[in-house]
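Worksheet: the structure to be examined is printed underneath.
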Amino acid sequence: MSLDLETLQVLWFVLWCVIWIAYFTFDSFTIGIGMLFPFVEKDRLDRNQLQEVVGPFWNGAEVWLVTAGGATFAAFPPVYADMFSLLYVPFFLVLFCLIFRATGLELMHKDENKYWVAFFKWAFIVSSYLISFLFGVLFSNLYLGLQMTPSELHSGLFELFSMYAIFGGLLFVSFFMTSGVAWIHIKANGPIVDRAFNTGKGVVMAMVALIGIYYVATANSTPILENFNDHPFLYLVPTLSLITAILAAITYFKRKMALTFAMVISTIALFFSTGFIGMFPNMLPSSIDDQFSLTLYNSSSSEKTLQIMLIVAIIFVPIVLAYQIWVHFLFRKKVEKNSAKGY
């Protein structure tokens, strides 16, 4: 049965949201471990162990980020064009950090010179912090709405860093660091586990506080809640995200880290679902005038393009998911400090 254009537009908006959520859930712990590095590693063996905990998974997770960009380009070309032109500098910074994060992880021990090791170690650490913080700032600005008219952004780079956006960046940092601590517990043994746990005590409490503050600020500073007010049952989504965040903290202090990890990635998924539900049908909302907003209806590709892309997605998205599940199964054993070989 063929689908009409409006149905295809909505389906692709949902798929677009799901791909972004997949990226942030799959990559949350690898980014988090990068941020935990300076608090957890004490010597070469520790670094080897952490690299091996991250190594098999980070590259596959970033496939979802590439897919998100590709899906935006193919399904919503005007959104892609305006997003990567109006927000060129912050997206370039994110890209720069993604490159340095990869090189930091891969090149850290290609040479044992202490300056070489220090440079690439800190490239990995700093890039991990900036990726999470900048994504938090970018998505917060989407929730606020951009000061945009057709093909022009009426705000400078530093205006994107409002107090609300900074809180969003800090919230993302707390999400990913908590996820990283839980993953270290799941995948490693030895002293780094206790160091990670002690480091994360304050982080997990900050996460619970920040998500509560962020939702209050969202209610007061953005139009996100309009869809929720029109359909009150949707409030179940942000409510569940608060509950899972609290459960993540409770299970954390009981050191039930598999549950903590499940609660954290659920919180991330529900948090993004809240934002995307609130934005619907906007994809690049304008805070100047709604007529300047790019929506899923005024920025989608043709009906035929969306139909072909949907067939491709139905075939290949399950394959990617199956591959990532297989990788996690293949590398399911804990990484021991003395036997870890690094990246």
What does the charge count around Asn282 come to, taking other residues whose C-beta lies under 14 Å from its C-beta (Lys +1, Arg +1, Asp -1, Glu -1)?
-4
Pairwise FRET efficiency - Ala262 versus Phe329, Cβ, R0 = 25 Å, nearest 0.05:
0.90
Show the residues, 5+ positions off or on another chain, whose built amide H is closer than 5 Å to the amide H of Met283.
Leu294, Thr295, Leu296
Length gained if Asp194 through Val216 is fully extended, taking 0.36 nm per residue and subtracting the Cα-Cα distance, is 4.5 nm
Carbon plus sulfur, as percent of the 1.4 Å-probe accessible area of the chain, comes to 70
Helix 114-144 sits off the longest principal axis of the Cα atoms of the chain, rounded to the nearest 10 on a 0 to 90 degree scale, by 30
With every protein chain present, what accessible area does Ser2 have (1.4 Å probe, heavy atoms only), rounded to the nearest 10 Å²?
100
Which order do the peptides 255-262, 85-92 come out in when sorted by mean C-beta neighbours inside 10 angstrom, highest first?
255-262, 85-92
Could you give the dipole magnitude of the chain about its Cα centre, charging the beta-carbon of Lys and Arg +1 and that of Asp and Glu -1, in debye to the nearest 20?
1760
For the chain, find the longest principal axis of its Cα atoms and tell me its angle to the long axis of helix 5-26, 0 to 90°, nearest 10.
20
What is the set of long-range amide H partners of Leu146 at a cut-off below 5 Å, with H atoms built 1.01 Å from backbone N?
Ser286, Ser287
Under a crude label model (7 Å from the Cα following the beta-carbon direction), how far is Phe158 from Ser339 in nanometres?
5.4
Rounded to the nearest 20 debye, dipole of the range 15-166 from Cβ charges on Lys, Arg, Asp, Glu
220
Arranged from highest to lowest average of other beta-carbon atoms within 10 Å per residue, in what order do the peptides 162-171, 220-229 appear?
162-171, 220-229
What is the distance, in nm, between label points placed 7 Å from the Cα along the Cα-to-Cβ direction at Phe316 and at Phe96?
3.0
Just to verify a number: what accessible area does Trp122 come out at with the full protein assembly present, 1.4 Å probe, Å² rounded to tens?
120
Amide H neighbours of Ala188 under 5 Å, counting only residues 5+ apart in sequence or on other chains, H built in-plane at 1.01 Å?
Val335
Highest-first arrangement of 265-274, 106-115, where packing means the average Cβ count within 10 Å:
265-274, 106-115
Estimated inter-spin distance, Glu106 and Tyr235, nm [label 7 Å along Cα→Cβ]
4.9
Any idea of the accessible area per residue across the range 204-334, 1.4 Å probe, to the nearest Å²?
53
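The values are calculated or read from the model by the stated rules, or taken from the named source; none is laboratory data. No experiment lies behind these values; they were computed from the predicted model shown. Heads up, the Cβs are rebuilt from the backbone with ideal geometry, glycines too, and the neighbour counts pull from every protein chain shown. When the accessible area is computed, the model is the full protein with side chains, heavy atoms only, and any ligands, DNA or RNA have been set aside. Shrake-Rupley method; radii C 1.70, N 1.55, O 1.52, S 1.80 Å.
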